[in-house]
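*Asks:* Sharing a structure, written as structure tokens. Questions coming.
The values are calculated or read from the model by the stated rules, or taken from the named source; none is laboratory data. Predicted model, so just to flag it, every value in this text is computed and none were measured. For neighbour counting, all protein chains shown are included, and Cβ atoms are generated from backbone atoms with ideal geometry for every residue, glycine included. Note: accessible area is taken over every heavy atom of the protein model, side chains too, but ligands, DNA and RNA are not part of it. Shrake-Rupley method; radii C 1.70, N 1.55, O 1.52, S 1.80 Å.
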Amino acid sequence: MNAVGIDVSKGKSMVSILRPYGEIVSKPFEIRHTSSGIHSLIEYIKSIEGESRIVMEHTGRYYEPLAHELSRADLFVSAVNPKLIKDFGDNSLRKVKSDKADSVKIARYALDSWTELKHYSLMDEIRNQLKTMNRQFDFYMKHKTAMKNNLIGILDQTFPSANTFFDSPAREDGSQKWVDFAATYWHVDCVRKLSLNAFTDHYQKWCSRKKYNFSKTKAEEIYETSKELVSVLPKDDLTKMIIKQAVEQLNTASQTVEQLRALMNDAASKLPEYPVVMAMKGVGKSLGPQLIAEIGDVSRFTHKGAITAFAGVDPGVNESGSYEQKSVPASKRGSSTLRKTLFQVMDCLIKTKPQADPVYAFMDRKRAQGKPYYVYMTAGANKFLRIYYGRVKEYLSTIEKTEET
């Protein structure tokens, strides 16, 4: 039994190799994340007599090149949650934190958990691309929200409440009606300095040019509202430039978000579980690919409890002697990105109220019992994941049987 512990960092790693009863095969040594450095590590591990198992923490993206190459070399690799390594006993009163000490600790963890170690499964190219796109999607969504709030903040000084006139969703190119409206009618004086008929005619031509639906009632509403509004910034070239820049930045972010949304849906549609996931209530062309991206291949989870623990929506346990806490918060030790997506799915279920859906019915019962918001939302996410696991696992096994016959 050769336990190879690897403490991964950016561009390099520290490696220690131990055997049972504290036997040291190799003292900690450093390798670079280069082709030659990884190849030399592979050759060295293969030259050691006995079975070798490699353990590393899956922190960020730094571990992926190393885990990928070691797995391709037919070596046993296990990427474990850093929390498990951190909680692993040190058996020492001294507080030592270094790459060498961490690699030894990981190797000792590998020996202690030898039979429970799970083999690192290489994500295929589509899954890897999908997950990367989802992280980019999340980043640009935050950027879009910041740009949106920025534009609204400026409009509050030139055309208050202009963003509330329309609630049309973003188009495929990322454009939104209220943003395009603000780009043209960037100051309240752009509307109220005209007569009602002049503004209505101008607004109708603008809708035709931008390919939006025209409503005379909406034009009259905007005009009447504008007469009561108070602007802070003057209607001059400097204010116009500020608004135009804010609109351009928001449009750029929105366009990127919609492009990523379409690309993610296209990539996810090539995966076998896509039709099953998309058939679930609360899941659409946006949330479906996000779920698939963050959950990955369900076959790597041994049971339903494993996937809920991965998401961090599993209920905690707090017992000691005769004491037993009845209500325990969720562990929240899994993927925060996945939890965010799950809450968006639960929110969609709450809003659409699909009566035949078991997850919505479950959450509705919890609400009727007076449970707090986060309690029934987390419980719903837990149940949704268990159903997700069962349906996808069953569908994939059916496909495998069909291919065998």
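*Asks:* Once you order the gyration tensor axes a ≥ b ≥ c over the Cα atoms, which shape class does the range 170-320 get: rounded for a/c under 1.5, otherwise prolate or oblate by comparing a/b with b/c? Walk me through the intermediate numbers first.
*Replies:* On the way: a/c = 3.11, a/b = 2.46, b/c = 1.26.
Note, shape of the range 170-320 comes out prolate.
*Asks:* Going by Cα centres, the range 252-282 and the range 124-150 are how many Å apart?
*Replies:* 12 Å
*Asks:* Of the accessible area of the chain, with the probe set at 1.4 angstrom, what percent is carbon plus sulfur? If you can, show how the numbers build up before the last one.
*Replies:* Numbers: 11220 of 22360 Å².
Exposed carbon and sulfur together represent 50 percent of the surface.
*Asks:* Which residues among the range 263-289 fall inside the zone where the amide N is under 18 Å from a point 7 Å beyond the Cα of Gln344, along Cα→Cβ?
*Replies:* 263-269, 274, 277-289
*Asks:* How big is the charge dipole of the chain about its Cα centre, in debye rounded to the nearest 20, if each Lys and Arg gets +1 on its Cβ and each Asp and Glu gets -1 on its Cβ?
*Replies:* 860 debye
*Asks:* Show me the trypsin sites (Lys or Arg not before Pro) within the range 15-78 that DSSP assigns to loop and that have at most 12 other Cβ atoms within 10 Å of their Cβ.
*Replies:* Details: sites: Arg32, Lys46, Arg53, Arg61, Arg72; in loops: Arg61.
Hits after loop and neighbour filter: Arg61.
*Asks:* Next question, about the same structure. Over the range 1-125, calculate the relative contact order: mean separation of alpha carbon pairs under 8 Å at least 6 apart, over the residue count, as a percent.
*Replies:* 33 percent
*Asks:* At a Förster distance of 35 Å, what's the computed FRET efficiency of Glu49 paired with Glu125, Cβ-Cβ distance as r, to 0.05?
*Replies:* Approximately 0.50, to the nearest 0.05.
*Asks:* With contacts defined as alpha carbon pairs under 8 Å and 6 or more residues apart, what's the relative contact order of the range 23-80 in percent?
*Replies:* 33 percent
*Asks:* Further question: In cubic angstrom, how much convex hull volume per residue do the alpha carbon atoms of the chain span?
*Replies:* For the chain, the hull spanned by Cα atoms encloses 242 Å³ per residue.
*Asks:* Taking the simple approach of a point 7 Å from Cα along Cα-to-Cβ for both Lys218 and Lys12, what is their distance in nm?
*Replies:* It works out to 6.1 nm between the two label points.
*Asks:* Here's another thing I want to ask about it. Taking the Cβ-Cβ separation of Ser208 and Ala361 as r and a Förster radius of 41 Å, what is the calculated FRET efficiency to the nearest 0.05?
*Replies:* 0.30
*Asks:* Note down the relative contact order for the range 47-188 as a percent, whole number, built from C-alpha pairs under 8 angstrom at least six residues apart.
*Replies:* That works out to 18 percent.
*Asks:* Right, here's the next one. With a probe of 1.4 Å, find how much accessible area the chain has per residue, and write the answer as a whole number in Å². Spell out each step's value before the answer.
*Replies:* Values: 22360 Å² over 405 residues.
I get 55 Å² per residue for the chain.
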